Amino acid sequence: MRKQVAIIGGGPSGLLLAKLLTQSDIDCIVLEKHTKEHVLSRVRAGVLEEGSVQLLEKAGVSKRLKKEGFKHNGIFLSSKNASFRINFKNLVDKCVTVYGQTEATADLYDAVERDNIVVNSASKVMPENLIAKNPTVSFTHHNQHKKISCDFVIGCDGFHGVARQQIPKACSKVFERIYPFGWLGVLSETPPVSDELIYANHKNGFALASMRNESLSRYYIQTPIEDSTENWSDQRFWDELRNRLPNKAAEELVIGNSIEKSIAPLRSFVTEPMQYGNLFLVGDAAHIVPPTGAKGLNLAFSDVHYLHEAICGFYQNDTQLLNHYSARALKRIWGAIRFSWWMTTTLHKFPEQNAFDQKIQEAELDHLKCSKNAQLNFSENYVGLPLD
């Protein structure tokens with residue numbers, strides 16, 4: 001089988017890249033090890049920057065997003081159970097859109113399935129000959145062994161995927177920070193406590209009030225990394241969430257039975273470069289950020305933007321963007337890593353943290369509350385740094 005581009009991984013970044021390449025008349029295929037149903041069962045956050053929304057519009061998959069997504073012109077930050085608002089619209093004339101990653105993935109699946117370019121349940125996927133002019137990807141599908149010859153292999157298969165593992169350790173460098181806590185997340189069929197997200201710093205630990213839609217809420221509290229969901233009854237979770245939220249939100253919080261509960265670890269991870277021969281990495285295959293700054297999916301989409309431009313340039317006999325893909329992507333990635341690190345260290349309680357450290361966090365948030373320049377800087381980062 002011959003394709004111009006073979007994409008490993010059928011998550012949102014792989015599907016978006018495939019759709020954009022297809023629109024550009026570039027022949028591609030997507031190999032996903034799981035079923036479509038499994039991919040769409042994964043619950044993920046969904047705060048989209050304007051650049052991400054524009055990419056989905058470019059791919060022709062924004063109709064439902066525009067109808068069902070929630071535009072947020074600001075967020076609330078809280079310290080000592082009192083909140084203040086940062087108004088993105090007034091400060092930088094931009095907003096973010098709350099639209100679940102699962103929903104965006106479903107929209108992309110519907111679009112690419114019409115192009116018949118996704119192979120689900122592809123097992124034993126293995127990219128080979130990556131420094132050759134024509135690399136290959138072998139896989140098994142319906143008990144048949146198949147091989148694709150292509151110009152480029154794109155790894156969109158996440159942190160544990162096979163793509164990054166094919167890069168020799170001597171050819172890459174890894175930067176990593178593992179945080180000593182996790183997020184206990186609860187999904188409940190209750191109205192959100194706020195029309196906009198609330199990020200809360202509290203002496204007991206971080207909390208976040210988010211939403212999926214008008215009747216589906218998503219809440220998080222910081223817990224020890226070794227904790228277990230079995231230790232958290234619904235009632236215990238609601239009591240602790242109330243304790244950490246701003247007083248007004250705590251009073252208005254509507255509680256109910258959880259329909260999903262999980263603990264997610266927090267880490268920062270970047271591998272450099274994001275290219276090896278004719279293998280290119282996208283999204284979680286190359287970088288992970290803590291969810292504090294809502295950057296994970298948005299960074300994956302910006303990678304797609306840079307790589308789509310680069311591949312199109314290659315087929316127009318211009319290799320400059322392809323040669324600089326990694327550098328372009330990493331510049332934006334490190335900007336987002338820095339912002340996510342700042343939010344994580346400012347809002348969370350660390351195991352070694354003492355009263356002095358807590359006072360510094362509170363002073364940092366008070367400065368943000370009182371300084372328009374600080375709010376401007378915060379807004380520019382939260383709504384998304386420019387793609388170019």
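Quick look at the numbers
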read-out	value
Residue in region 347-360 that is modelled with pLDDT under 95 and in contact with a Gly (Cβ under 8 Å, 6 or more places away or on another chain) present	no
Residue within region 369-388 that is touching a helix residue (DSSP H, G or I) at 6+ places or on another chain (Cβ under 6 Å), within 21 Å of residue 205 (Cα to Cα), of a type outside the set (Val, Ile, Thr) and modelled with pLDDT of 95 or more present	no
Lone unmet requirement of (1) within 30 Å of residue 371 (Cα to Cα); (2) in a strand (DSSP E or B) for residue 91	(2)
Output for region 27-44, where each listed residue is under 19 Å from residue 160 (Cβ atoms) and surrounded by 21 or more Cβ atoms within 10 Å (Cβ to Cβ)	30, 31, 32, 39
Out of 132, 111, sole residue that is in a loop (DSSP other than H, G, I, E, B), surrounded by fewer than 20 Cβ atoms within 10 Å (Cβ to Cβ) and modelled with pLDDT under 95	132
Boolean, residue 198 is buried (at least 21 other Cβ atoms within 10 Å of the Cβ), in the same structural domain as residue 188 (by TED's automatic domain parsing) and farther than 30 Å from residue 326 by Cβ	yes
Residue in region 203-218 that is touching a His at 6+ places or on another chain (Cβ under 6 Å) and either closer than 30 Å to residue 358 by Cα or without any contact (Cβ under 8 Å) to a residue 24 or more places away in the chain (or both) present	yes
Residues of region 219-238 that turn out to be in a strand (DSSP E or B) and either within 14 Å of residue 260 (Cα to Cα) or free of Cβ contacts under 8 Å to residues at least 40 places away in the same chain (or both), as a count	3
Region 1-40, residues that are of a type outside the set (A, V, I, L, M) and either part of a helix (DSSP H, G or I) or without any contact (Cβ under 8 Å) to a residue 60 or more places away in the chain (or both)	12, 13, 14, 19, 22, 23, 25, 27, 36, 37, 38
Failed criterion for residue 218 (all others in (1) of a type in the set (D, E, K, R); (2) touching a Phe, Trp or Tyr at 6+ places or on another chain (Cβ under 8 Å); (3) buried (at least 20 other Cβ atoms within 10 Å of the Cβ) hold)	(2)
Pair list, Cβ under 9 Å, 6 or more apart: region 139-151 residue in the same structural domain as residue 308 (by TED's automatic domain parsing), other residue modelled with pLDDT under 95 and exposed (fewer than 11 other Cβ atoms within 10 Å of the Cβ)	151/133
Some residue of region 173-186 being buried (at least 21 other Cβ atoms within 10 Å of the Cβ), without any contact (Cβ under 8 Å) to a residue 60 or more places away in the chain and farther than 30 Å from residue 137 by Cβ	no
Criterion (of a type in the set (Phe, Trp, Tyr), closer than 16 Å to residue 7 by Cα and modelled with pLDDT of 95 or more) met by exactly one of 315, 276, 325	276
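The values are calculated or read from the model by the stated rules, or taken from the named source; none is laboratory data. Fair warning: this is a prediction, and the values are worked out from it, not measured in the lab. Ideal geometry is used to build each Cβ from the backbone, glycine not excepted, and the neighbour counts take in all protein chains shown.
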